[in-house]
Every structure is written in C-alpha cells, then in structure tokens.
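Engineer: One structure follows; several queries about it will come next.
The values are calculated or read from the model by the stated rules, or taken from the named source; none is laboratory data. Keep in mind the model is a prediction, meaning the values are calculated, not measured. Here the Cβ positions follow ideal geometry from the backbone for every residue, glycine too, while neighbour counts run over all protein chains shown.
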Amino acid sequence: MEKPRACKTVSDLKLGEKIRRDYVISDADVLAFGQLSGDFNPVHFDDDYAASTIFGRRIAHGMISVAKFSGIFGMDMPGLGTLWLDQTVKFLKPVFIGEKYTAIAEVVALDRRQATIATWVEDQAGGRLIEGEGVVIPITEQAKRRLSGVQAHLHDSRS
C-alpha cells in the first residue's frame, strides 16, 4: 500500500501552492465505481444508449474525477493526517472514458486550523470540465511532532 508523500500542517502550506495529477479513467474504473455506488446509468455502460445522448458516447461518472482530490488531499497536499470537511462541485462538461485529464488543486485561503483549496479538472486543451472548492484540516503541529518522534524511534530500533 502506498504511503502519503507529504505531511503538511496549515503553517507548511502557502497561498497559491498548486499540485497537478494527470489521470485517465478506464472501463474498469467505471465498472468499479458503478459497483461501489450502485449507479449503473446506461450513459456510463451502454454504447448504443450513450450514442443517442447529447454526449454522443459513453461518459465516466463525474464523481470518479472528484475522487482524485481525495488522493491529492490525503497523499500530497496537505497529505498524511488530512481531514476533508467540505467540497463544492460544478460539472461543466463530461469526462470521457480513455482520455487524459488533469486534476488540479490550489491553496486559496488559510486560517488557524484549515485550508481552502480550489479544485478543478482540465482536459488536454486546458478547458475546465469540473470545478469546485474543498476545505481541509491538515495534520496539527502537535500530531506531526508526535509522528516524527514515533518514526525516529522506529528508525532507531531497526538499527
């Protein structure tokens, strides 16, 4: 299992700090999300049905793209110990299966305990497909210090 790549407190974050993660949604992702959510809408699964819609072909569940921000928040920015409190979402355009997209998160506000992070998904031309704003509580200074002490102890005991 992958471990978080970052462990940032509110004071470690900077306004304007940004992270980008490229991804492609596969048929397997759509099936797994359908099984997880119970959403088997034919626009996601049936080529013939989807061809008759305004999209002209199958689309991925929009929430699969929103879930990419869970990975960003929990693994990279802020990382370990982050609690995701709130998220707004606007679905502007469809996300198609098999195409490359980029999930982007940018710190737009910081206060004593939490960070507000603008979130959006772009296609390869830079057009926005999904946008919103998340609010997270990063790990506290105290918890990070305690964690550092535990990691140092584990490192020392392996020597």
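Engineer: Among 108, 95, which is of a type in the set (A, V, I, L, M), touching a residue at least 24 places away in the same chain (Cβ under 8 Å) and under 30 Å from residue 147 (Cβ atoms)? Show your work before the answer.
Structural biologist: Values: 95 fails: under 30 Å from residue 147 (Cβ atoms).
None of the other options fit; the residue is 108.
Engineer: Here's something else I'd like to know. Looking at (1) closer than 17 Å to residue 130 by Cα; (2) in contact (Cβ under 8 Å) with a residue 40 or more places away in the chain; (3) within 15 Å of the chain's Cα centre (by Cα), find the lone condition where residue 77 falls short.
Structural biologist: (1)
Engineer: Return yes when residue 63 is touching a Pro at 6+ places or on another chain (Cβ under 6 Å) and at pLDDT 95 or above and no when it is not. Before you say what the answer is, go through the steps one by one.
Structural biologist: Values: touching a Pro at 6+ places or on another chain (Cβ under 6 Å): no; at pLDDT 95 or above: yes.
Here the answer is no, as residue 63 does not meet what is asked.
Engineer: Kindly provide the set of residues from region 117-138 that are under 14 Å from the mean Cα position of the chain (by Cα) and more than 24 Å from residue 44 (Cα to Cα), ordered by number. Walk me through it before giving the result.
Structural biologist: So the first thing to find is which residues in region 117-138 are under 14 Å from the mean Cα position of the chain (by Cα), and the list is 117-122, 130-136.
Across region 117-138, the qualifying residues are 117, 118, 133, 134, 135, 136.
Engineer: What do you reckon, is residue 100 in contact (Cβ under 8 Å) with a residue 24 or more places away in the chain, closer than 23 Å to residue 44 by Cβ and touching an Asp or Glu at 6+ places or on another chain (Cβ under 9 Å)? Give the steps one after another, and end with the answer.
Structural biologist: Values: in contact (Cβ under 8 Å) with a residue 24 or more places away in the chain: yes; closer than 23 Å to residue 44 by Cβ: yes; touching an Asp or Glu at 6+ places or on another chain (Cβ under 9 Å): yes.
In short, yes.
Engineer: Kindly indicate the residue of region 34-71 that is more than 30 Å from residue 142 (Cα to Cα), of a type in the set (S, T, N, Q) and under 19 Å from the mean Cα position of the chain (by Cα) and also surrounded by the fewest Cβ atoms within 10 Å (Cβ to Cβ) among those meeting that condition.
Structural biologist: 37
Engineer: Residue by residue through region 121-159, note down the ones that are among the polar types (S, T, N, Q) and either at pLDDT below 90 or surrounded by 11 or more Cβ atoms within 10 Å (Cβ to Cβ) (or both).
Structural biologist: Pass one, region 121-159, residues among the polar types (S, T, N, Q): 124, 140, 142, 148, 151, 157, 159.
Selection gives 140, 148, 151, 157, 159.
Engineer: Looking only at residues in region 72-101 that are assigned to a strand (DSSP E or B) and among the hydroxyl-bearing types (Ser, Thr, Tyr), which one is surrounded by the fewest Cβ atoms within 10 Å (Cβ to Cβ)? Give the derivation first.
Structural biologist: Within region 72-101, the first condition is being assigned to a strand (DSSP E or B), and the residues that meet it are 79, 83-91, 96, 100-101.
Next, from what is left, pick out any that are among the hydroxyl-bearing types (Ser, Thr, Tyr): 88, 101.
On the way: 88: 10, 101: 21.
Among residues in region 72-101 that are assigned to a strand (DSSP E or B) and among the hydroxyl-bearing types (Ser, Thr, Tyr), the one surrounded by the fewest Cβ atoms within 10 Å (Cβ to Cβ) is 88.
Engineer: Can you pull out the residues in region 102-116 that are farther than 30 Å from residue 31 by Cβ, assigned to a strand (DSSP E or B) and in contact with a strand residue (DSSP E or B) (Cβ under 7 Å, 6 or more places away or on another chain)? Outline the logic, then answer.
Structural biologist: Of region 102-116, the ones farther than 30 Å from residue 31 by Cβ are 106-116.
When the remaining residues are screened for being assigned to a strand (DSSP E or B), the result is 106-110, 115-116.
Result: 106, 107, 108, 109, 115, 116.
Engineer: Here is a further query. Have a look at 38, 34, 16 and point out the one that is over 20 Å from residue 103 (Cβ atoms) and either touching a residue at least 12 places away in the same chain (Cβ under 8 Å) or basic (Lys, Arg) (or both).
Structural biologist: Values: 38 fails: either touching a residue at least 12 places away in the same chain (Cβ under 8 Å) or basic (Lys, Arg) (or both); 16 fails: over 20 Å from residue 103 (Cβ atoms).
After applying the criteria, what remains is 34.
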